[in-house]
Every structure is written in structure tokens, then in C-alpha cells.
1. Residue 92 to residue 21: extension gain in nm, 0.36 nm per residue of separation minus the Cα-Cα distance?
2. Can you put 110, 32, 166 in order of Cβ neighbours within 10 angstrom, beginning with the fewest?
3. Suppose only helical runs count, i.e. DSSP H with n ≥ 4. What mean residue ellipticity at 222 nm does that imply for the chain under -39500 (n - 2.57) per run, divided by all residues and rounded to the nearest 500 deg cm²/dmol?
4. Which of 171, 123, 152 moves the most in a Gaussian network model of the chain with Cα springs under 10 Å?
5. Quick check: the distance between the Cα centres of region 42-98 and region 130-155, to the nearest angstrom?
6. Name the shape class, rounded, prolate or oblate, that the alpha-carbon gyration tensor gives for the chain, where a ≥ b ≥ c are the square roots of its eigenvalues, rounded holds for a/c under 1.5, and otherwise prolate holds if a/b is larger than b/c and oblate otherwise.
7. Quick check on region 87-141: take the gyration tensor over C-alpha atoms, sort the square-rooted eigenvalues as a ≥ b ≥ c, and tell me if it's rounded (a/c under 1.5), prolate or oblate.
8. Once you put a point 7 Å from the Cα of residue 186 and another 7 Å from the Cα of residue 44, both along the Cβ direction, what distance in nm separates them?
Ligand SMILES: Cc1cc2nc3c(=O)[nH]c(=O)nc-3n(C[C@H](O)[C@H](O)[C@H](O)COP(=O)(O)O)c2cc1C
């Protein structure tokens, strides 16, 4: 019996480990009124490289962009419920992939890959870059893919306005360098990168 419990515990730990780093629970209530957030949304590029983004803010940003809300669906609508969005997180120490169901991050590349996050200086030093990619096997229509990534980006912008963070969506990046840093699986396509910080 004791052995059974031990194996079950090991199996559970292995399952959790395979889901990656567990993020703090997202804060899904409260905050500024929506109309105020919309009026405060803007692109800001003077991001301070020395001020990190907290794990709680990262958790809230990822949830706002692509978290699960209702019946296995997301904060963002997707055409025919294809749920094609894939988010990657680039920090000074690693590149991770977001698992919305478990609200966890799986490291896909260890090291500082911010130089691949964009051509503009601030992108290469920002403490956080979120890559908005899509799984083209789930949705092959470019207009629908762009809608999904755009809606997720707007949610990030609004959360940043709410949290007093700076943010800017970018289409300027070296596709080859960035897909290498992400170890982008076949069939995924990068659309935008959003730089975030203080
Ligand atoms: C699809 C898209 C791509 C963009 N690409 C870049 C970019 O590569 N670099 C950048 O600094 N800003 C980029 N921006 C930000 C725009 O320049 C910015 O949204 C615009 O100037 C309006 O300013 P606002 O966001 O403060 O309203 C992009 C915005 C969008 C919607």
C-alpha cells in the first residue's frame, strides 16, 4: 500500500513537472474600470531594462491574452472555436511556451534570446517579450489568425494600462532568428511580438 502511494506521488510530480512552471493564480476580478483602461491604452517604447516584471503581472498578462474563461474557451474569441493561438514568453533567462489549460510555462530554450525578439533596441533589453504565434494546422486563414493575435494583443495592452506597465506590439523582428530562439515547431507561424516592462 505504502509503495502504491509512493508511486502515485512520483507519477503526480512527474505529470506536474511535464506541465512546467506553475504561475501564480491570475487576478481575474477588480482593477480599473474598462472605459478608463481603454482611454489609457497606448504604445510605449521607453521600457526600463533594469525593472523586472513580477510573476503575478506575467500570470495576469498571459491570462488576459489567452487564459481559459468558460467551457474550455479563452479570453479571446476564435473563428469556429479553432483556438489557434500559441504564446511564447521571452525573458532575460529563458524562452517558454504558455499552457493555458494548466496556466503553466514550459521552458523551450535556456538563455538570453532577447536579441532575437526584435530589431528595435528596447525590444532587445525589455524584461519581457510575448510572442504571438498561431498553430496553422488549427486555422489556415490568415485573416482569422490575425484577428486572434490582434485581440490577444489588445487584451495585453489593456492589462498593461490597468497595471501601469508599458507595452508595444511589434511586427518588426527577424523571423528566422526568432523562430530559432523559440525552436518553433513545424506548422506554427509567428505574427507579432509585444514588448512589456516599466
Ligand atoms: C500590427 C502592428 C504592428 C506594429 N509594429 C510595430 C513595430 O514593429 N515597432 C513599433 O515600435 N511599433 C509597432 N506598432 C505600434 C504602432 O506604431 C502604434 O500602435 C501606433 O503608432 C499607434 O500608437 P498607439 O498604440 O499608442 O495608439 C505596431 C502596431 C500594430 C497594430
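Bear in mind that the values in this text are calculations on the coordinates, not laboratory data. Predicted, not measured: the structure shown is a model, and the values here were computed from it. We place every Cβ from the backbone using ideal geometry, glycine too, and count neighbours over all the protein chains shown.
1. Answer, rounded to one decimal: 23.9 nm.
2. Going from sparsest to densest Cβ surroundings: 110, 32, 166.
3. That comes out to -11000 deg cm²/dmol.
4. It is 171.
5. Result: 13 Å between the Cα centres.
6. On the way: a/c = 1.40, a/b = 1.36, b/c = 1.03.
Since a/c stays below 1.5, the shape of the chain is classed as rounded.
7. It is oblate, given that a/c is not under 1.5 and a/b is not larger than b/c.
8. That separation, rounded to one decimal, is 4.4 nm.
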